[in-house]
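Trainee: Got a structure for you, written out below as structure tokens; questions coming shortly.
The values are calculated or read from the model by the stated rules, or taken from the named source; none is laboratory data. Please read these numbers as outputs of a predicted model, since none were measured by experiment. Every residue, glycine as well, gets a Cβ built from its backbone with ideal geometry; the counts of neighbours run over all protein chains shown. Only protein heavy atoms, including side chains, enter the accessible area calculation; ligands, DNA and RNA are left aside. Shrake-Rupley method; radii C 1.70, N 1.55, O 1.52, S 1.80 Å.
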Amino acid sequence: MLALRFTQKLIKDMKVAPEELAEDNQIFSWHVNILQLRRKHIIFVNDASRLCLVIDGIRSSQVDKLQEKFRTVLREYLLFEGFKKNMIDQYFLEAGEINIGKTNSKSVIGTMSEMTFYSSHKEFDHPYELISWLNSIILKPIGYEKPIHVFQRELTSKYQ
């Protein structure tokens, strides 16, 4: 199960009823919130690695489009970062369907707040440049490592 854990603000914006989600593997759990840059974006932060994605083009109540775009952007971004296609396919196969719940980790929300702060002070030509930059920041909650390296190590150990 792929868990998207929405903040209260995003739950109201998407007009969705959150489910009670089990504490599964953190590599399949993502905290999600609204990020206001020049226009509305949605920010995703992985619980295990603190990998960050920023998606735009989602309006209120478009939860299906949000889920579809999340899968697409995550796949494209991981390919952009040099992940093997079969590893990405395995991740999505094991992840299964998307379920939406409430946030459950103050630590991940804190990381999301940091990423939001960093995003508001930078401008990039392409969204993947912003995502790459955010994922190259060394973070304390993951042992002073870069989120992209932690995510890659997790997937490599799981699927090879």
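Trainee: Using per-residue counts of other Cβ atoms within 10 Å, averaged over each peptide, order 134-140, 76-82 from highest down. Can you show the working numbers first?
Mentor: Numbers: 134-140: 16.4, 76-82: 14.9.
The densest-packed peptide leads the list: 134-140, 76-82.
Trainee: Another one. Where in the range 1-32 are there GluC sites (Glu not before Pro) that are in a DSSP coil and have at most 11 other Cβ atoms within 10 angstrom of their Cβ? Please report the intermediate quantities before stating the final value.
Mentor: Numbers: sites: E19, E20, E23; in loops: E20, E23.
Of the GluC sites (Glu not before Pro), the ones in loops of the range 1-32 whose Cβ has at most 11 other Cβ atoms within 10 Å are E20, E23.
Trainee: Turning to a different aspect of this structure: Pairs of alpha-carbon atoms within less than 8 angstrom and 6+ residues apart define the contacts here; what relative contact order does the range 7-76 have, in percent?
Mentor: Rounded, it is 26 percent for the range 7-76.
Trainee: Excluding G57 itself, calculate the net charge of residues whose Cβ lies under 15 Å from the Cβ of G57, where each Lys or Arg counts +1 and each Asp or Glu counts -1.
Mentor: Net charge in that neighbourhood comes out at +2.
Trainee: Could you work out how far apart the two model spin labels at S157 and E81 are, taking each label as a point 7 Å from the Cα in the direction of the beta carbon, and quote it in nm?
Mentor: Rounded to a tenth, the inter-label distance reads 1.6 nm.
Trainee: Considering only D13, D47, D89, give the residue with the highest GNM mean-square fluctuation for the chain, with springs between Cα atoms whenever their separation is below 10 Å.
Mentor: D89
Trainee: Report the full-extension gain for the segment E145 to D24: residue separation times 0.36 nm, less the Cα-Cα distance, to one decimal in nm.
Mentor: 41.3 nm
Trainee: Another question about this same structure. Using a 1.4 Å probe, what is the accessible area per residue for the range 29-114, in Å²? List each step's numbers first, then the result.
Mentor: Values: 3940 Å² over 86 residues.
Normalised by residue count, the accessible surface of the range 29-114 is 46 Å².
Trainee: If the cut-off is a Cα-Cα distance under 22 Å, which lysines reach K12, setting aside same-chain residues fewer than 8 apart in sequence?
Mentor: K40, K65, K69, K102, K106
Trainee: Still on this structure: Per residue of the range 13-20, in order, report the coupling 6.51 cos²θ - 1.76 cosθ + 1.60 (Karplus, θ = phi - 60°) as ³J(HN,Hα) in whole Hz, putting x for Gly and Pro.
Mentor: Each residue's phi maps through the Karplus curve to give 5, 7, 6, 10, 9, x, 9, 7 Hz.
Trainee: In whole angstrom, note down how far apart the Cα centers of the range 112-160 and the range 15-56 are.
Mentor: Cα centroid of the range 112-160 versus Cα centroid of the range 15-56: 13 Å apart.
Trainee: Treating the range 80-151 as a set of equal point scatterers at the Cα positions, no solvent, please give the Debye-formula log₁₀ I(q)/I(0) at q = 0.11, 0.24, 0.28 Å⁻¹.
Mentor: -0.37, -1.21, -1.18
Trainee: If contacts are Cα pairs under 8 angstrom and at least 6 residues apart, what is the relative contact order of the chain in percent?
Mentor: Values: 228 pairs, mean separation 45.1, N = 160.
Value for the chain: 28 percent.
Trainee: What Rg and what Dmax come out for the range 3-72 when only alpha-carbon atoms are used, in angstroms?
Mentor: Values for the range 3-72 (Cα only, Rg and Dmax): 11.7, 35 Å.
Trainee: Using a cut-off of 15 Å between beta-carbons, work out the net charge of the residues near L37 (Lys and Arg +1, Asp and Glu -1, L37 not included).
Mentor: On the way: positive: R38, R39, K40, K122; negative: D56, E123, D125, E129.
Charge balance near L37 sits at 0.
Trainee: Continuing with this model, one more query. In whole Å, what are the extents of the chain along the principal axes defined by its C-alpha atoms, from largest to smallest?
Mentor: Result, largest extent first: 40, 35, 27 Å.
Trainee: Put one equal scatterer on each alpha carbon of the range 43-93, apply the Debye formula with no solvent term, and list log10 I(q)/I(0) at q = 0.22 1/Å to two decimals.
Mentor: Log-scaled intensity ratios, in q order: -0.90.
Trainee: Ratio to report: Rg/Rh of the range 40-130, with Cα atoms as the point set and Rh obtained by the Kirkwood method; give two decimals. Each step should come with its number before you reach the end.
Mentor: Numbers: Rg = 13.7 Å, Rh = 14.5 Å.
Reported Rg/Rh, Kirkwood definition of Rh: 0.95.
Trainee: How much of the accessible area of the chain, probe 1.4 Å, is carbon plus sulfur, in whole percent?
Mentor: Numbers: 4070 of 8330 Å².
Carbon plus sulfur share of accessible area: 49 percent.
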